[in-house]
Amino acid sequence: MTERPTGETAPGGVAASAIDLTKTYGKGEAEVRALDGVTVDLMTGEFTAVMGPSGSGKSTLMHCLAALDTPTSGEAVVDGTSLGRLKDKDLTTLRRERVGFVFQSFNLVPTLSAEENILLPLSLANRKPDREWFDQVVTAVGLRDRLGHRPSEMSGGQQQRVACARALVSKPSIVFADEPTGNLDSTSSAEVLGFLRRSVDEFGQTVVMVTHDPVAASYTDRVLFLADGRIVDELRSPDRDQILDKMARLQDAAAAKAAG
Amino acid sequence: MLRLTWRNLLARKVRLLMSTLAIVLGIGFLAGVMTFSSGLNKTFDNILEGSTSDAVVRPAGDLQGANAGVSTSQVVTPADVDELAALPQVKEAVGSIDGVGSFLLGKDDKLVGGQGAPTLAFNYAPSENIAGEQILELSAGRWPEKPGEVVLDTSSAERGSYGLGDTVSLIVPSGKDPERKFTLVGTADFNGGGTAGATLVLLDTAEAQDIFLDGQDAFTTVSLTAADGVSQQQLADAAKTVAPKGFTAVTGDEVVKESQQQIGQFLDVISYFLVAFAVIAIVVGAFIIFNTFSILVSQRVRESALLRALGASKRQVTRSVLVEAFLMAIVGSTLGLLLGLGLSRALAGLFRTFGLDIAGEVLTLTPFTIVAGYVVGIVVTMLAAYVPARRAAKVPPVAAMRDDLVVQEKGMTRRLVLGSIAMVIGTALAAAGLAGAPGTDAIWIGAGAVIWVVTTAVLAPVLGHPVLVACRSVFGRLFRTPGRLAGENALRNPRRTGATASALMIGLAVVSAVGVLASSLGATQDKIVDKEFTADFLVQMPTFQGFPARYGNEMEKINGIAEVSRQQGSPVSVEVPGRAKPDQSFAAAVDPAFFKVYDLKMLDGRASVTGDQVLLSKSRASDYEAGVGDTIEVAFPGGRTIPLEVSGIFEPTPTTSGITVPFSVFAEAGIKRSDSSISITLADGADRNAVKSDLEYTVKDLPILSVQDKEEFKDLISGQVNQLLYVIYGLLALAVVIAVIGIVNTLGLSVLERTREIGLLRAVGLSRRKLRWMITLESVAIAVLGAVLGMALGLVIGVVLRESLKDDLTELSLPLGSLVAFLVVAVLFGVLAAVVPAIRASRMKVLQAIATD
Ligand SMILES: Nc1ncnc2c1ncn2[C@@H]1O[C@H](COP(=O)(O)OP(=O)(O)OP(=O)(O)O)[C@@H](O)[C@H]1O
Ligand SMILES: [Mg+2]
């Protein structure tokens, strides 16, 4: 795998794409189409939000793109590599080297300190951390004085910021965050979102974030709207009101569908 | 609540199965050895009762030479038998010749049997046992009818690979031709079933007289069958009146009782020995049950809290856990009892290879075994589950709302304080034992050791810390991140790791302590052989049985030999003033050459015996309160009691027995001459190898009679020590297996508990292989901890025990090689224990693992 510092990734390129992705659960009567033919390109150096009603397939889409799950059909491409034909071993390597994650909760290994957690993907790859980059990331998340602490000694917001730092430290091609602020209050949320925004602006990182929060989505460059496993709309450089408006319409449509 | 308990049991089938396995194995072992012991007793009882007639006319006195492999010269003539038969109380009188000192060779010229159980050679004559059945039952062919024919017991014929019509070789004690050939005409067994490992050689009467009585037309004993309506006692009383001089008649019941007592002691030792290992296995099992419940309870905090919040009382929560334990105990004990039945059959199979035959039909679960199995299983399980159950009840209801789900565990301080106090008490007990407190020293030390073991188990979370930290740093260095994570995981829950390791610790502590004792015993014996066995060669049977005197006669003629000293052993009983029962002991007859070969350290008197004299060891002399010049009354097999004058007292030595007499005394007592050991010194300038091969040539027809030099003699002794050691290791292996199951269980539960964490690690790039490594290394860390604690403790216990046995175990030797081997084995077991949990963990789907809560 070629190592490619994020800074060199040409903006405007495609970091990851879904090509007619479908994902179904169950069979026959009980079949659920979590994804129903999603085609989308996620642009390098962009901060993308994925929104939609609960159950619309947001997490499923992310998981398929992040090599955590395999689609039923269609293709997921990360950094030019098609995931369909990769074995578990290669998927593991890909996740370790080209993808970063932030989950809603339980992001950190409880037995390791903040620093060790941040460096985990590198040490698993037996790679030497780039100290300068590490310092830069740690400064950016504002955790310099917390590096020796274990997760149990940190607040939820701090833990999420450690998770963000971990996601960035291996210089991945793309970072996926599934409701990273779902468990946080507004102050902590702002800290985490601010950091993600800066990683895009300052380090040229590509970030994709699932969220229900219009405020969080307003930090992004582009919002994709999902409903019933399909991309139904998108916004560029959105503001809060636009998002609220779209969301309301989606919800109405969903309600109407449920009623009808 | 009961329904909830039931649901919990079902929901955790696999984990419960694993911890039930601990009960199953522990109870299985207990039930197995109990069944086996009772089967062993029954086997002997059956044979004794099946092979004894209503009354027996035999030499007077307590000592029956034939039982001890000594033959005496008293005989019964056919006229005496006729006289007995003529008594109105007697339905039938059958004269028998019980031959001693013969050996059956197999087709391959190797000895058949001879591994402890005797070879019984006698003349076949039909006679009835107490129950009125024939003593011997033919299983194939026919009985011997003329000289040159033989019938063997079924198992010996098989072991010797003989079929009907084959030529059978028998080594006999006297006569012109030491190796006699016979034609196998039949096979037969005792009526009670089997022979308990003894080899039966049935001969024609004339031939038996030729071999064992130098051709005299006579018998050694007479079996009597009572006429109708005559009791055993009446029969014996009547027979006594006509019994020849030096003979008496005893009832069959009495004969059976005597033999039961003799064998009983030996059987009791075996069963205590086995039960001790069952107890160890159960204690180890208890640790695992305790640990499993601790983990189950801590994983169920939220549920317990919810129950409490919904209004369940503490007692209800405790009870629900205990009921779960109870159900487990019932299932585990039931399976254990069944396993025990199988195990007892396997043990019987093992003993069969040692020559002890136990029939399958006597191996059944007795009501006592069943009750004992359930009681022990239930009590141990409930006790082990009690502490975790209490802990479950202590979960505060608010924990249901909280996110950070950890059972509040008390700090280690209290544990440390209590543990240290217990350590001190244990040490005090052991020190008291060493300092010579009243009673057996070993019991004091044993009590101290038990306290040490328990305390070490309690303190394992603290004591183990440095070991685990060392593991973490070694693993981290060798295996990078997975190693580091494994070390952390082993350290993150010290109680759990400690309790899991403790199960292994117990097994290894016993193994190492036994190892120290065995190794010290070996070293001591080497030293003794070096120092005391001044002979150049020793000739003896591996079983120390007697062998025909003609071999010694031949050896005396060999060139290059300075001295040939011959010894014969016999049981004796000695009248002790002021004691109701005579002391049963063992005497050695020696020739004058003995004193030239061996240098007895005399405390009083002279180092020589002639005529009616005896030399006593210091301990015998003090037992009999006899000094030089005193006379002691010594009774010999065959009924003769001879007063002997003490001519000297010596420092005890393994080269001769505590009662040493000249051969003339044995002759006077009517004991037939044979040798039990021959000591030979080389003449100056003689060629050692040439002499040795000459000596070996003389014994070529009795292959098991071996000519040993010092080194070989040492090897023989250490071989015997090792054999016992391996049996002990084998039995302890079960405890270790249970401990390994404990590791599997703990790891399995930990893996489940850390599902999300494992998912996360996989998500951020931990490969399956490295994940398996991580779990394997955690397992190895636990195993190493158990091994290190166990071996350290075992060494201490072993050294202390050796110290208390200093008089017998003069040398201290540490089995360092074995200890290294144990550590390696522990690591291997660690790897083995991790196989299933590691595979399960690596099979987890990343996404599902992350989504689990
Ligand atoms: N393992 C599974 N088995 C069956 N159905 C599933 C599984 N995972 C997801 N689904 C279904 O697929 C659909 C999409 O789920 P997904 O988790 O992607 O939704 P989401 O948009 O992330 O919702 P939320 O906002 O609530 O997180 C849902 O209808 C869900 O019920
Ligand atoms: Mg979701």
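Observations on the model:
To keep it simple, each residue is scored yes or no on (1) closer than 27 Å to B:Leu105 by Cα; (2) free of Cβ contacts under 8 Å to residues at least 60 places away in the same chain; (3) not in a helix (DSSP H, G or I).
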position	(1), (2), (3)
B:Thr195	yes, no, yes
B:Val201	yes, no, yes
B:Gly215	yes, yes, yes
B:Gln233	no, yes, no
B:Ala238	no, no, no
B:Lys245	no, yes, yes
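- Failed item, numbered, when B:Leu111 is tested on (1) aliphatic (A, V, I, L, M); (2) farther than 19 Å from B:Val222 by Cβ; (3) modelled with pLDDT of 80 or more: (3)
- Index of the failed condition, A:Ser170 passing every other in (1) crowded, with 20+ Cβ neighbours inside 10 Å; (2) out of contact with any strand residue (DSSP E or B) (no Cβ under 8 Å at 6 or more places or on another chain): (2)
- The criterion of at least 2 residues that are without any contact (Cβ under 8 Å) to a residue 12 or more places away in the chain and open to solvent by 20 Å² or more (accessible area, probe 1.4 Å) is met by the following helices (runs of 4 or more DSSP H) wholly inside the stretch A:173-260: A:186-203, A:240-259.
Condition check ((1) at pLDDT below 90; (2) at negative phi) across all residues:
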site	(1), (2)
A:Gly13	yes, yes
A:Ser17	no, yes
A:Asp20	no, no
A:Glu29	yes, yes
A:Phe47	no, yes
A:Val78	no, yes
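- Qualifying positions in the stretch A:103-151 - outside any helix (DSSP H, G or I), within 14 Å of chain B (Cβ to nearest Cβ), touching a residue at least 12 places away in the same chain (Cβ under 8 Å) and out of contact with any Asp or Glu (no Cβ under 8 Å at 6 or more places or on another chain): A:Ser105, A:Asn107, A:Leu108, A:Ser113, A:Arg127, A:Pro129, A:Arg150
- Number of positions in the stretch B:538-562 that are more than 21 Å from B:Phe595 (Cβ to Cβ) and outside any loop (DSSP other than H, G, I, E, B): 4
- Selection status of B:Ser344, among the polar types (S, T, N, Q), open to solvent by less than 50 Å² (accessible area, probe 1.4 Å) and modelled with pLDDT under 90: yes
- Residues satisfying the criterion are absent from the stretch A:85-102 (criterion: more than 25 Å from B:Ala849 (Cα to Cα), open to solvent by 10 Å² or more (accessible area, probe 1.4 Å) and either within 16 Å of ligand 1 (Cβ to nearest atom) or more than 9 Å from chain B (Cβ to nearest Cβ) (or both)).
- Residue list for the stretch B:432-464, filter: in a helix (DSSP H, G or I) and farther than 27 Å from B:Val788 by Cβ: B:Ala432, B:Asp441, B:Ile443
- Screening B:Ala499, B:Ala486, B:Ala503 for residues that are part of a helix (DSSP H, G or I), at pLDDT 90 or above and either more than 30 Å from B:Ser674 (Cβ to Cβ) or within 14 Å of chain A (Cβ to nearest Cβ) (or both) leaves exactly one candidate, B:Ala486.
- Residue in the stretch A:64-79 that is nearest to ligand 2 (Cβ to nearest atom), counting only those that are open to solvent by 10 Å² or more (accessible area, probe 1.4 Å) and in contact (Cβ under 8 Å) with a residue 60 or more places away in the chain: A:Val77
- Filter result (buried (at least 18 other Cβ atoms within 10 Å of the Cβ), outside any helix (DSSP H, G or I) and among the polar types (S, T, N, Q)) within the stretch B:287-339: none
- Among the residues listed as B:Gly730, B:Gly742, the single one being more than 30 Å from A:Val99 (Cβ to Cβ) and open to solvent by 20 Å² or more (accessible area, probe 1.4 Å): B:Gly730
- Of the residues in the stretch A:37-54, at least one is within 11 Å of ligand 2 (Cβ to nearest atom) and surrounded by fewer than 24 Cβ atoms within 10 Å (Cβ to Cβ).
- Residue check for A:His149: within 16 Å of ligand 1 (Cβ to nearest atom) and open to solvent by 30 Å² or more (accessible area, probe 1.4 Å): no
- Within the stretch A:164-174, being more than 12 Å from every other protein chain (Cβ to nearest Cβ) and over 14 Å from A:Ala66 (Cβ atoms) holds for A:Cys164, A:Ala165, A:Leu168, A:Lys171.
- When the test is whether a residue is within 14 Å of chain B (Cβ to nearest Cβ), buried (at least 24 other Cβ atoms within 10 Å of the Cβ) and away from ligand 2 (no atom under 16 Å from the Cβ), A:Arg161 does not pass it.
- Among the residues listed as B:Leu795, B:Leu771, the single one being within 14 Å of chain A (Cβ to nearest Cβ), surrounded by fewer than 24 Cβ atoms within 10 Å (Cβ to Cβ) and among the hydrophobic types (A, V, I, L, M, F, W, C): B:Leu771
- In the stretch B:466-489 there is no residue matching the filter, namely being buried (at least 24 other Cβ atoms within 10 Å of the Cβ), within 30 Å of B:Ala278 (Cβ to Cβ) and out of contact with any Phe, Trp or Tyr (no Cβ under 6 Å at 6 or more places or on another chain).
- Hits in the stretch B:554-572 (condition: under 26 Å from B:Ser622 (Cβ atoms) and buried (at least 20 other Cβ atoms within 10 Å of the Cβ)): B:Gln567, B:Gln568, B:Gly569, B:Ser570, B:Val572
Residues checked against (1) surrounded by 17 or more Cβ atoms within 10 Å (Cβ to Cβ); (2) closer than 30 Å to B:Thr755 by Cβ:
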| site | (1), (2) |
| --- | --- |
| B:Leu777 | yes, yes |
| B:Arg802 | yes, no |
| B:Leu816 | no, no |
| B:Phe822 | yes, no |
| B:Phe829 | yes, yes |
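Residue by residue, here is whether (1) more than 30 Å from B:Ala499 (Cβ to Cβ); (2) over 36 Å from the mean Cα position of the chain (by Cα); (3) in the same structural domain as B:Arg754 (by TED's automatic domain parsing); (4) of a type in the set (Gly, Ala, Ser) holds:
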residue: B:Val230; (1), (2), (3), (4): yes, yes, no, no
residue: B:Asp237; (1), (2), (3), (4): yes, yes, no, no
residue: B:Val242; (1), (2), (3), (4): yes, yes, no, no
residue: B:Gly246; (1), (2), (3), (4): yes, yes, no, yes
residue: B:Gly285; (1), (2), (3), (4): no, no, no, yes
residue: B:Val297; (1), (2), (3), (4): no, yes, no, no
residue: B:Glu303; (1), (2), (3), (4): no, yes, no, no
residue: B:Glu324; (1), (2), (3), (4): no, yes, no, no
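- Residue match in the stretch B:81-98 (condition: crowded, with 22+ Cβ neighbours inside 10 Å and within 33 Å of the chain's Cα centre (by Cα)): no
- Filter result for B:Thr455 (more than 14 Å from chain A (Cβ to nearest Cβ) and among the polar types (S, T, N, Q)): yes
The values are calculated or read from the model by the stated rules, or taken from the named source; none is laboratory data. Everything numeric here is computed off the predicted structure, so don't read it as measured data. Cβ coordinates were reconstructed from backbone atoms using ideal geometry, including for glycine residues, and neighbour counts include every protein chain displayed. With ligands, DNA and RNA removed, areas are computed over all heavy atoms of the protein, side chains included. Shrake-Rupley method; radii C 1.70, N 1.55, O 1.52, S 1.80 Å.
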